[in-house]
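Only one structure is covered here, and it is reproduced in the block below.
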Amino acid sequence: MTKPADFPPPFRTADYVAAPSDPPEERIDVGVLIVGAGPAGLACGIRLGQLLEDASEVRERLGEVPVAILEKGKQAGSHLLSGAVVNPRSLRRLFKGRKRLDEMPFYGPVEHESVYFLTNKSALRIPAPPTMKNEGNYVASLSRLGRWLAEQAEEAGAMLLPETAAEKLLVSDGRARGVRTGDKGRGRDGQPLGNFEPGSDLVAKVTVLAEGTQGHLTGVALERFGLTGENPQVWALGVKEVWKVKRPLDRVIHTLGWPLRPGSKFREFGGSFIYPMGEDMLTLGMVVGLDYRDVELSVHDLLQELKTHPLVRKLLDGGERVAWGAKTIPEGGFLALPKQLHAPGLLIVGDGAGLVNVPALKGIHYAIESGRLAAEAAFASLQRGQTPATPGALAGYDETLRESFVWKDLQEVRNMRPAFGRGLIFGGALAGAMTATKGRFPRRDLRLERDADIDLIRTDRAKSYPAPDGKLTFDKLSSVFASGNKTRDDQPNHIVLQREVTQDIALLWERMCPAQVYEATETGVDVTPSNCVQCGAITAKGGRLTPPEGGSGPEYTLT
């Protein structure tokens, strides 16, 4: 059977790298340009504002807009999707002496937690693995936290530019110079419409890529500057729902086992989470590694199946689904980190750098810490007598990150994710040994395989997915509606992939996509770009996402 890597997308990195082309009087000059208003980018903007408070000379040299933050969604938080149980460590460091935790938009601390191993009818409570314990952590809506962080960044002096997609990385004389934003108001075939607005060059002294998972320009920068590490990045897909419920949930719940299959031939790694969101809301989601083999596997439908389990059904009984979303998660961890996270004039932070601890199910506080450290490195490079364009001028970011708790945490669990490629039971045993030795076992690091390189199989798995009833279980199209998707039907296609593929590849993409973007045909696959919620799964499994028009995509407000 074929594999996705046999059908590489017709994508050229060079098409998304350019020198500044706008006349000097038309381009937009900023001091530090941050691409992405997620936790990492906003933390970077906040810390820069703090540093510039007492540095009037530096602020003056940065011009009228010392710090700008680009966001492709309608507003900060529009595209943020997570559990989320947040370790507050990085927020305390970022706002030390300025904000207390009780001033931040959390639902409250984790008071109780349970971990269950599921079969299709039963739930066996098991001790929480050491990496998954959440004492001292806080439950949050990530989109709500993002909006709050955006307010703090603006108060600190950053200019937020929403509905603005970064399409090309501006490079000249071997250094990053900023980005070119995408055009707005083009039709399906690229023709200008009545509301057409051309993109612009945003030129900066330092560009910080904080695009999050599957960042378009992050991938371009890694290739353009030769930053790719020894191992490829690997991904998981998470599909999540928010429910209004009759009874409050008093604990954080994680599950392993069903509806995933334990056999090593399936390579199904993942689990579910159920978190309280106040007195009358909860969020639940299913996360599955994209190195699975069965073309009939669908994470969206696994989540619908999970809800039929007695443990979960009881929590949702009498409730109503109010939101839905999907997003990929970088899972390669320490093994898949780029060999460096800076280039002349450029820094890479957060999920785009792969700073996620999969065994602990944590990445938000690493993103915030990396944004803070990037701000300090950028600020240091802007002092009199320094220039960020000099090779190595931003190396302080890598140095401080390596000395931080982020590096230590990721290094200790670096081999856990590839271990589970050998099946749940064997992988769990290896993970236990790795935890006990704090990462000293095994002596040699394991290797990662690209998700698109995994050989495929085909079973009849789809037969067991529950039919949507519109009350407990839902189809994909109604779920896209619940995401608040704002994409125009006549927008240009932003998905790059081969259309003439084998039936197995076409079915893989059809099943995999939680938003019903792909449909298998007799000759390959048809694509409906307007359904896309920009989860990024297709990039892991044989395609490539490029930026759609700014302001399109989902509008997550409760996630």
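The values are calculated or read from the model by the stated rules, or taken from the named source; none is laboratory data. Owing to the predicted nature of the structure, the values given are computational and were not obtained by experimental measurement. So basically every Cβ, Gly included, is an ideal-geometry build from the backbone, and we count neighbours across all protein chains shown. The protein model used for the area step is the full one, side chains on, heavy atoms only, and it has no ligands, DNA or RNA in it. Shrake-Rupley method; radii C 1.70, N 1.55, O 1.52, S 1.80 Å.
Of the residues in region 498-511, how many are touching a strand residue (DSSP E or B) at 6+ places or on another chain (Cβ under 7 Å) and either in contact (Cβ under 8 Å) with a residue 60 or more places away in the chain or open to solvent by less than 20 Å² (accessible area, probe 1.4 Å) (or both)? It would help to see each step written out before you state the result.
Applying the first criterion (touching a strand residue (DSSP E or B) at 6+ places or on another chain (Cβ under 7 Å)) to region 498-511 yields 499, 501, 503, 506-507, 509-510.
Pick out the ones that are also either in contact (Cβ under 8 Å) with a residue 60 or more places away in the chain or open to solvent by less than 20 Å² (accessible area, probe 1.4 Å) (or both) and you get 501, 506-507, 509.
Within region 498-511, residues that are touching a strand residue (DSSP E or B) at 6+ places or on another chain (Cβ under 7 Å) and either in contact (Cβ under 8 Å) with a residue 60 or more places away in the chain or open to solvent by less than 20 Å² (accessible area, probe 1.4 Å) (or both) number 4.
Quick grid of which residues meet (1) open to solvent by 40 Å² or more (accessible area, probe 1.4 Å); (2) over 30 Å from PRO548 (Cα atoms); (3) free of Cβ contacts under 8 Å to residues at least 24 places away in the same chain; (4) not in a helix (DSSP H, G or I):
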residue: LEU430; (1), (2), (3), (4): no, yes, yes, no
residue: ALA433; (1), (2), (3), (4): no, yes, yes, no
residue: LYS438; (1), (2), (3), (4): yes, yes, no, yes
residue: THR487; (1), (2), (3), (4): no, no, no, yes
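Under the condition of being in a strand (DSSP E or B) and touching a residue at least 60 places away in the same chain (Cβ under 8 Å), which residue from region 288-297 is nearest to GLU519 (Cα to Cα)? Give the derivation first.
First, the residues of region 288-297 that are in a strand (DSSP E or B): 288-289, 294.
Subsequent filtering for residues that are touching a residue at least 60 places away in the same chain (Cβ under 8 Å) retains 289, 294.
Numbers: GLY289: 22, ASP294: 17 Å.
So the residue we want is ASP294.
Do we have any residue at all in region 24-41 that's within 17 Å of SER200 (Cβ to Cβ), open to solvent by 50 Å² or more (accessible area, probe 1.4 Å), outside any strand (DSSP E or B) and free of Cβ contacts under 8 Å to residues at least 12 places away in the same chain?
Checked against the condition, which is being within 17 Å of SER200 (Cβ to Cβ), open to solvent by 50 Å² or more (accessible area, probe 1.4 Å), outside any strand (DSSP E or B) and free of Cβ contacts under 8 Å to residues at least 12 places away in the same chain, region 24-41 yields at least one hit.
Among the numbered conditions (1) basic (Lys, Arg); (2) out of contact with any helix residue (DSSP H, G or I) (no Cβ under 7 Å at 6 or more places or on another chain); (3) closer than 30 Å to PRO492 by Cβ, tell me where LYS168 comes up short.
LYS168 satisfies all of (1) basic (Lys, Arg); (2) out of contact with any helix residue (DSSP H, G or I) (no Cβ under 7 Å at 6 or more places or on another chain); (3) closer than 30 Å to PRO492 by Cβ except (2).
Scan region 204-215 for residues that are over 23 Å from GLU449 (Cβ atoms) and either open to solvent by 10 Å² or more (accessible area, probe 1.4 Å) or assigned to a loop (DSSP other than H, G, I, E, B) (or both) and jot them down.
If the condition is that a residue be over 23 Å from GLU449 (Cβ atoms) and either open to solvent by 10 Å² or more (accessible area, probe 1.4 Å) or assigned to a loop (DSSP other than H, G, I, E, B) (or both), then LYS205, ALA210, GLU211, GLY212 are the ones that fit.
Does at least one position in region 69-77 carry a residue that is outside any loop (DSSP other than H, G, I, E, B) and modelled with pLDDT of 95 or more?
Initially, region 69-77 is screened for residues outside any loop (DSSP other than H, G, I, E, B), giving 69-70.
Restricting the remaining residues to those that are modelled with pLDDT of 95 or more gives 69-70.
Within region 69-77, one or more residues are outside any loop (DSSP other than H, G, I, E, B) and modelled with pLDDT of 95 or more.
Name the pairs whose Cβ atoms lie under 6 Å apart, with the first residue in region 311-330 and under 18 Å from ARG251 (Cα atoms) and open to solvent by less than 30 Å² (accessible area, probe 1.4 Å), the second at pLDDT 95 or above and part of a helix (DSSP H, G or I), and 6 or more positions between them or separate chains?
Qualifying pairs under 6 Å: VAL312/LEU306.
Collect the residues in region 42-73 that are more than 28 Å from the chain's Cα centre (by Cα) and open to solvent by 20 Å² or more (accessible area, probe 1.4 Å), keeping them in residue-number order. So that I can check it myself, show each step before the final result.
Residues of region 42-73 more than 28 Å from the chain's Cα centre (by Cα): 52-64.
Those that are more than 28 Å from the chain's Cα centre (by Cα) and open to solvent by 20 Å² or more (accessible area, probe 1.4 Å): GLU53, ASP54, SER56, GLU57, ARG59, GLU60, ARG61, GLY63, GLU64.
Could you tell me how many of the residues in region 346-372 are in a loop (DSSP other than H, G, I, E, B) and either acidic (Asp, Glu) or at pLDDT 95 or above (or both)? Full working, then the answer.
To start, the set of residues in region 346-372 that are in a loop (DSSP other than H, G, I, E, B) comprises 349, 354-356, 358-361, 363.
Keeping just the survivors that are either acidic (Asp, Glu) or at pLDDT 95 or above (or both) gives 349, 354-356, 363.
Within region 346-372, residues that are in a loop (DSSP other than H, G, I, E, B) and either acidic (Asp, Glu) or at pLDDT 95 or above (or both) number 5.
Residue pairs, Cβ under 6 Å, 6 or more apart or interchain, first in region 90-107 and more than 25 Å from ASP409 (Cα to Cα), second part of a helix (DSSP H, G or I). List them.
As it stands, the answer is PRO105/ARG144; PRO105/LEU145; PRO105/TRP148, since those pairs meet every condition given.
Looking for something under 15 Å from the mean Cα position of the chain (by Cα) and open to solvent by less than 20 Å² (accessible area, probe 1.4 Å) - is there at least one such residue anywhere in region 289-310?
If we filter region 289-310 for residues that are under 15 Å from the mean Cα position of the chain (by Cα), which is where we start, we get 289-290.
Next, from what is left, pick out any that are open to solvent by less than 20 Å² (accessible area, probe 1.4 Å): 289-290.
The answer is yes; a qualifying residue exists.
Only one residue in VAL252, VAL239 is assigned by TED's automatic domain parsing to the domain that holds THR459 and under 21 Å from the mean Cα position of the chain (by Cα). Which one?
On the way: VAL252 fails: under 21 Å from the mean Cα position of the chain (by Cα).
Residue meeting the stated conditions: VAL239.
For THR473, indicate whether it is at pLDDT below 85, of a type in the set (S, T, N, Q), open to solvent by less than 80 Å² (accessible area, probe 1.4 Å) and touching a Pro at 6+ places or on another chain (Cβ under 7 Å). Before the answer, list the steps.
Details: at pLDDT below 85: no; of a type in the set (S, T, N, Q): yes; open to solvent by less than 80 Å² (accessible area, probe 1.4 Å): yes; touching a Pro at 6+ places or on another chain (Cβ under 7 Å): yes.
Considered against the rule, which asks whether it is at pLDDT below 85, of a type in the set (S, T, N, Q), open to solvent by less than 80 Å² (accessible area, probe 1.4 Å) and touching a Pro at 6+ places or on another chain (Cβ under 7 Å), THR473 comes out as no.
Does GLY385 qualify as being at pLDDT below 95, more than 27 Å from ASN137 (Cα to Cα) and assigned to a helix (DSSP H, G or I)?
Working: at pLDDT below 95: yes; more than 27 Å from ASN137 (Cα to Cα): yes; assigned to a helix (DSSP H, G or I): no.
Against the criterion (at pLDDT below 95, more than 27 Å from ASN137 (Cα to Cα) and assigned to a helix (DSSP H, G or I)), GLY385 does not qualify.
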